[in-house]
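The values are calculated or read from the model by the stated rules, or taken from the named source; none is laboratory data. Since the structure is predicted, the reported quantities are computational estimates derived from the model, not experimental observations. Cβ sites come from the backbone with ideal geometry, for glycine too, and all protein chains shown count toward neighbours.
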C-alpha cells in the first residue's frame, strides 16, 4: 500500500474511533462507576470484540452476515437485547453501584471479578453488534490495492492496525471520564443522574439496533 493511502487509512480510523457510540458509552460508564481500571478493561474488551469481527470478515463470515438477512436479524436482536439489558441495569442500579457517595476521590480499587466483568461486558457490547462487522466489510477493502496478491491477509493486517489505533482513543475516554469523576465535585454529585442518562442511552442504542435494517439489502 502506498504510504499516502496508509496514512489516510490511519487518519480516517482515528476520526471514526473518536465518534461516540455504544462502545464509548460503555467505557465511560465503567470509568464513572468503577474507576479507571474498569474503564480501561472495558476498552480492552471492546478491542477484543473488534478483533473477532476482523477475523470473521476475513474468513468470509462477515460476507455471510451481510448477505443473510436471517443471520443479521438474529445478531442484531441479540445485540439490541444486551444493550437494553445494560441500560435497565444502569437505571435500576443500587447505591453501591451508582450513588455519588460511593465514588471515592482516590483511584478505586477494582476487584478482579469487577475487571473481568468490565472486560467481558465491553467484548459483548462490540461483538454482538452486526453493524461493526458490516463496517469492516465496507471500510477496510477500500484501502486494499487491487494488485495485492493476498487480499485476505491485507484485510487482516489493516483490521489489526485499525484496532490497535483504537486502543489509545478508547483508553483515553476511560482515563478522562475517571479523572472528571474524581476531580469535579459537581459531576460526582450528579453521578446518579448521569448513570440514569447512560441507561436511557443504552436502551436507545439497543432499540435502534434492534429495529435497524441490514444496509446491504
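Residues considered: 199, 206. Of these, the only one that is over 16 Å from residue 27 (Cβ atoms), crowded, with 20+ Cβ neighbours inside 10 Å and either modelled with pLDDT under 85 or touching a strand residue (DSSP E or B) at 6+ places or on another chain (Cβ under 9 Å) (or both) is 206.
Against the test of being surrounded by fewer than 20 Cβ atoms within 10 Å (Cβ to Cβ), modelled with pLDDT of 70 or more and part of a loop (DSSP other than H, G, I, E, B), the options 147, 142 yield a single qualifying residue, 147. Run down 119, 113 and say which single residue is modelled with pLDDT of 80 or more, on the phi < 0 side of the Ramachandran plot, part of a helix (DSSP H, G or I) and out of contact with any strand residue (DSSP E or B) (no Cβ under 9 Å at 6 or more places or on another chain). Being modelled with pLDDT of 80 or more, on the phi < 0 side of the Ramachandran plot, part of a helix (DSSP H, G or I) and out of contact with any strand residue (DSSP E or B) (no Cβ under 9 Å at 6 or more places or on another chain) holds for just one of 119, 113, which is 119.
Residues that are modelled with pLDDT of 75 or more: list the helices (runs of 4 or more DSSP H) wholly contained in segment 1-104 that include at least 2 such residues.
3-18, 22-34, 36-59, 69-92
From the list 136, 123, the lone residue that is touching a residue at least 12 places away in the same chain (Cβ under 8 Å), more than 17 Å from residue 13 (Cβ to Cβ) and buried (at least 19 other Cβ atoms within 10 Å of the Cβ) is 123.
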